[in-house]
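I have placed the structure first, in the form of structure tokens, so that the comments after it can refer back to it.
The values are calculated or read from the model by the stated rules, or taken from the named source; none is laboratory data. Model, not experiment: these values are computed from the prediction. Reconstructed Cβ throughout: ideal geometry from the backbone, glycine too, with neighbour counts over all protein chains shown.
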């Protein structure tokens with residue numbers, strides 16, 4: 001799991017350092033505390049907030065006014081998140097770490113909180129979405145079954 005220093009996370013989110021610190025104190029953003037008592041922001045939290053604001057994973061340069069946090073469910077319209085475009089809710093927000101196009105297909109590899117998710121889409125779809133390595137996107141999981149696997153317990 002990639003952890004960012006608070007100033008780095010603030011810059012990527014396009015907010016001031018004091019604003020991000022207020023979000024941390026009000027528990028509007030999850031952080032990890034170091035043994036020395038310093039906050040670190042997981043990359044997945046930055047990606048989640050950028051995705052909710054409808055940004056593509058790069059700092060916008062526009063600051064959000066102090067104390068405001070992008071809503072959990074954005075208002076529809078410009079900058080709205082994917083939840084207003086599609087009914088599926090099994091979304092994993094991550095950052096594109098690899099794109100590989102071969103013929104009619106493109107392999108998209110996402111880093112989702114330190115885990116990778118791979119999707120094969122058409123190269124037309126990849127071009128239409130204008131996907132780039134480093135951008136924040138969501139993978140929508142749609143399946144008819146979900147199986148749970150648990151390791152066997154050793155018998156005493």
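Please work out which residue is modelled with the lowest pLDDT, limiting yourself to region 118-139 and to residues that are under 15 Å from residue 47 (Cα atoms) and surrounded by fewer than 17 Cβ atoms within 10 Å (Cβ to Cβ).
Checked region 118-139; the qualifying residue modelled with the lowest pLDDT is 139.
Can you name the number of the only condition in (1) at pLDDT 90 or above; (2) over 15 Å from residue 141 (Cα atoms) that residue 109 fails?
For residue 109, the exception is condition (2).
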